[in-house]
Amino acid sequence: MPASVPLPPLAYPDRDEITVEAVLRALADPVRLAMVRQLANAETEISCSGFEVPVTKSTLTHHLATLRQAGVIVGRQVGTTRYNSLRRNDLDALFPGLLNGVLAAPR
């Protein structure tokens, strides 16, 4: 059997590369907003398969990539599992109150 090939590192912007436009664009989608709410309420990271959203696996992967590329979440790889967490500290430092306001919105 061939040796397993490690997955590439997950790309996400450095703190100084995150823009409010990209964050708002990423949070504008209801599925991605639901995912961010789940991360905000979680006591730990959430694996890709741990999100409770009504989408296919490939669509979930797309949403995770969009959130990562916007700088909203960060992911890390452990074996074949990817874990995701909210970049709360970075977002709060860059855009004070933004995440709290978005998460508190009833709809």
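The values are calculated or read from the model by the stated rules, or taken from the named source; none is laboratory data. Just so you know, these numbers come straight off a predicted model, no measurement behind them. Note that each Cβ is placed from the backbone with ideal geometry, even for glycine, and that neighbours are counted across all protein chains shown. Accessible surface areas use protein heavy atoms only, side chains included; no ligands, DNA or RNA. Shrake-Rupley method; radii C 1.70, N 1.55, O 1.52, S 1.80 Å.
Worth pointing out:
- Residue within the stretch 17-36 that is of a type in the set (D, E, K, R), at pLDDT below 95 and open to solvent by 80 Å² or more (accessible area, probe 1.4 Å) present: no
- Filtered residues of the stretch 82-107 (kept if of a type in the set (S, T, N, Q) and exposed (fewer than 12 other Cβ atoms within 10 Å of the Cβ)): N89
- Residues of the stretch 71-107 that are hydrophobic (A, V, I, L, M, F, W, C) and under 14 Å from P13 (Cα atoms): V72, I73, V74, L86, L91, L94.
- Set V55, V23: member being among the hydrophobic types (A, V, I, L, M, F, W, C), in a helix (DSSP H, G or I) and closer than 20 Å to R107 by Cβ: V23
- The listed residue being in contact (Cβ under 8 Å) with a residue 60 or more places away in the chain and surrounded by fewer than 19 Cβ atoms within 10 Å (Cβ to Cβ), out of V74, V78, V55: V74
- Residues within the stretch 24-41 that are closer than 21 Å to Q77 by Cα and either free of Cβ contacts under 8 Å to residues at least 24 places away in the same chain or in contact with a helix residue (DSSP H, G or I) (Cβ under 7 Å, 6 or more places away or on another chain) (or both), tallied: 5
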